[in-house]
Amino acid sequence: MFKVDFNIQSMKIVRILSLLAVGVVLSTYMGCKPKGTDPEPIADVQFTKLAKTWKVSTVTFDGTDRSADYTGFQLVLGGTKGSPPFTYTTSGRPSLSPWKASGTWEFGSAVETQIIRDKGSVDDELAISYTVTESTLTLTFDFDGEGYTARTKEVQGPWIFTFTL
């Protein structure tokens, strides 16, 4: 009889230990992140939003509407995600423009709101503030360079470009 009681108690202990072991194993795995669920870097998210062909909607220079001068203007932002510097090309720019035909860009210190156009170029580097949605891009900058195929006094100053897809 003593032997039977010992077996029943042993089975209870084994059952409790087994349940504890299963619980420990399950809680260990539940605390681990599954592979591939790390969030995408913010620069990659922003690049995906920006890397498109943008058609100008409105242009303001020093508080004056200049949209009529930019009716065919397009800005193409491209490159390889995660590999700055990226590229830009323009088309349809008027002879009086703060934009070169092409160049490079990368994110500034505030990735979600700033890009640097032609970083490292003494004459062309320009900090640009941006806002982007799924279908709209707004670029704001104060251009003080010599201008590209233009007279300086007619391109120096604050610009706001609004683009759509």
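The values are calculated or read from the model by the stated rules, or taken from the named source; none is laboratory data. Quick caveat, the model's predicted, so the values are computed rather than measured. Neighbour counts run over all protein chains shown; Cβ positions are idealised from the backbone, glycine included.
Residues checked against (1) among the small types (Gly, Ala, Ser); (2) at pLDDT below 75; (3) surrounded by 10 or more Cβ atoms within 10 Å (Cβ to Cβ):
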{"residue": "2", "(1), (2), (3)": "no, yes, no"}
{"residue": "29", "(1), (2), (3)": "no, yes, no"}
{"residue": "38", "(1), (2), (3)": "no, no, no"}
{"residue": "44", "(1), (2), (3)": "no, no, yes"}
{"residue": "48", "(1), (2), (3)": "no, no, yes"}
Practice item. Hey, could you check region 141-156 for residues that are under 19 Å from residue 117 (Cα atoms) and exposed (fewer than 15 other Cβ atoms within 10 Å of the Cβ) and say which is modelled with the highest pLDDT? Key: 142
Study note, to complete from the structure: The condition of being over 17 Å from the mean Cα position of the chain (by Cα) and of a type in the set (Phe, Trp, Tyr) holds, among 105, 99, only for 99
Study note, to complete from the structure: When every residue in region 65-109 that is within 14 Å of residue 44 (Cα to Cα) and touching a Ser or Thr at 6+ places or on another chain (Cβ under 6 Å) is compared, the one surrounded by the fewest Cβ atoms within 10 Å (Cβ to Cβ) is 78
Practice item. Give the residue that is surrounded by the most Cβ atoms within 10 Å (Cβ to Cβ), with candidates limited to residues of region 110-125 that are among the aliphatic types (A, V, I, L, M) and either modelled with pLDDT under 95 or within 18 Å of residue 161 (Cβ to Cβ) (or both). Key: 115
Review point. What residue, among those in region 51-64 that are of a type in the set (D, E, K, R) and not in a strand (DSSP E or B), is surrounded by the most Cβ atoms within 10 Å (Cβ to Cβ)?
Key: 52
**Study point:** Flag if residue 128 is without any contact (Cβ under 8 Å) to a residue 24 or more places away in the chain, closer than 19 Å to residue 52 by Cα and surrounded by 15 or more Cβ atoms within 10 Å (Cβ to Cβ)
**Key:** yes
